[in-house]
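First up is the structure itself, then whatever we jot down about it.
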Amino acid sequence: MAYDYDSSIRPGKLPHIWCPGCGHGIVMKGLIRAMDTCELDRKNTAIVSGIGCASRLPGYLDACTLHTAHGRAAAFATGVKMAKPEMDVIVCGGDGDGTAIGGNHFIHACRRNINMTYVLMNNFIYGMTGGQFSPCTPTGDKASTTPYGNPDPIFDISKLAIGAGASFVARTTAFHATQIDKLIAEGIKHKGMAVIEILDDCPTTYGRRNKFRSVVEMMERLKDMAVPVAAAAKLPAEKLEGKILTGILHQEDKPEYTAQYAEVIKKAQGA
Amino acid sequence: MSSPKGEVEIIEQYCKGCNICVAFCPTNVLEMDLFVVKAAKPEACIACMQCELRCPDFAIKVHKKEA
C-alpha cells in the first residue's frame, strides 16, 4: 500500500507553497514517517518553527504547531519544553533561520542539551527572503547579495552542534529519503538535544544562480557529495575532499536540561 | 518468479513538474506531459517506491499489488 501521509496533514492544505523540486517536501514526508515510527501522539507533540521556507513545514502537519519569530524557534521550543516537559518537541527550520538569525538560540539549546529534536534543513541559502547568502552558502557561490561569489567560509552545522554540546548529531541529504526518517526517529528517541541536519536543494534561489540546469542535477550532486561515516573511515583524506559525512555523527549520554531543572525546583522547595 | 508490481496513482493537481520522479524511476514508467507527470508505461512498475519517496509534492502514490 502507498504510505498514508494524508492522515498527518491538515485537510485542505495541499498543494504546499514550496517551489517545484524543493526538497522540503521530501523532508516533510520523512518527518511524518519518523513520527509514525515513534508512535507520537499528535496531541502531545509540539512542532515549532521560525520564519522561512523550511519553517512553513509545521503549518501543514496535524499536530500542536507553533510558527514563531525569525530565528527564535529554538527559544520558543525551549519554553514549550520547560512548561510541558512531557511533550515531544520538534523544531523545524532552515540554515539561515537556525544558524544566522537564530544562531545564538541554536547553540544555547545545544549547550543545555534540552530534550528536543531539531530538524535543520540546510539548503545553502535564504530562500523565502530573496536568495541572500547564508552562513552555509559555499565559498565562491553566488547569491542575490553576493553576485561576484561569496567570500565567506561556511559553518559546518553538525560540527557546530557537537561543539556547542548537543548529545545527538546526525546528517543526511534530501536525496537519501529513507535515511531521513530513520535519523529523525533516532533523534526523537534520544534523551537530549538531537540535531538532524538535512542537506537540501533550493532550485529557485540557489540553483539557478549557480548553474544547476535542473532539480535532478541538484539531487545528483547531493547524492555524490554524501559519504556514510563508516565508509569514510576507510577512505584516504584526499578522497573525502568536497564530500560530506552522513549518518549518526555523534551520540552520547549527558544530563538532560528539564530533568536537571526539576532537581533545582525540588531543592528550592526544600524537599 | 513474478515480481510484485505496483499501480501508480498520480494526483495531478499537486504535481509541479519537477521531474525528480521521472529521473529516478529505474524502469522509466513515468514521463512528463506539459509539466505534469503521467504514467506512460504503467505495466513496467516494479513498486520500488522511489518516486513516492522522493516526490516533494505528495503527488504520487504507489499501490503495491501481487502479480
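No lab work stands behind these numbers, since they all come straight from the coordinates. Given the structure is predicted, the values throughout are model-derived calculations rather than measurements. We place every Cβ from the backbone using ideal geometry, glycine too, and count neighbours over all the protein chains shown.
Does any residue of the stretch A:173-180 turn out to be closer than 26 Å to A:ALA143 by Cα, in contact with a Lys or Arg (Cβ under 6 Å, 6 or more places away or on another chain) and not small (Gly, Ala, Ser)? Yes - at least one qualifying residue is present in the stretch A:173-180. Look through the stretch B:11-27, keep the residues that are more than 9 Å from chain A (Cβ to nearest Cβ) and touching a Cys at 6+ places or on another chain (Cβ under 9 Å), and return whichever of them is farthest from A:MET219 (Cα to Cα). Restricting to residues being more than 9 Å from chain A (Cβ to nearest Cβ) and touching a Cys at 6+ places or on another chain (Cβ under 9 Å), the top hit is B:THR27.
Taking the stretch A:88-100 as the range and being assigned to a helix (DSSP H, G or I) and surrounded by fewer than 24 Cβ atoms within 10 Å (Cβ to Cβ) as the test, only A:ALA100 passes. Looking at the stretch A:52-59, can you tell me whether even one residue there is crowded, with 20+ Cβ neighbours inside 10 Å, within 14 Å of another protein chain (Cβ to nearest Cβ) and either assigned to a loop (DSSP other than H, G, I, E, B) or basic (Lys, Arg) (or both)? Among the residues of the stretch A:52-59, at least one is crowded, with 20+ Cβ neighbours inside 10 Å, within 14 Å of another protein chain (Cβ to nearest Cβ) and either assigned to a loop (DSSP other than H, G, I, E, B) or basic (Lys, Arg) (or both), which makes the answer yes. Checking each residue of the stretch B:49-59 against the condition of being within 14 Å of chain A (Cβ to nearest Cβ) and basic (Lys, Arg) gives at least one match.
Taking the stretch A:19-40, which residues are small (Gly, Ala, Ser) and either touching a residue at least 12 places away in the same chain (Cβ under 8 Å) or outside any helix (DSSP H, G or I) (or both)? Of everything in the stretch A:19-40, those that are small (Gly, Ala, Ser) and either touching a residue at least 12 places away in the same chain (Cβ under 8 Å) or outside any helix (DSSP H, G or I) (or both) turn out to be A:GLY21, A:GLY23, A:GLY30, A:ALA34.
When each of A:ILE114, A:ILE125 is tested for being crowded, with 17+ Cβ neighbours inside 10 Å, closer than 17 Å to A:GLY207 by Cβ and of a type in the set (A, V, I, L, M), the lone residue that passes is A:ILE125. Against the list (1) farther than 21 Å from A:GLY130 by Cα; (2) within 14 Å of chain B (Cβ to nearest Cβ); (3) assigned to a helix (DSSP H, G or I); (4) not hydrophobic (A, V, I, L, M, F, W, C), the condition A:LYS43 fails is (2).
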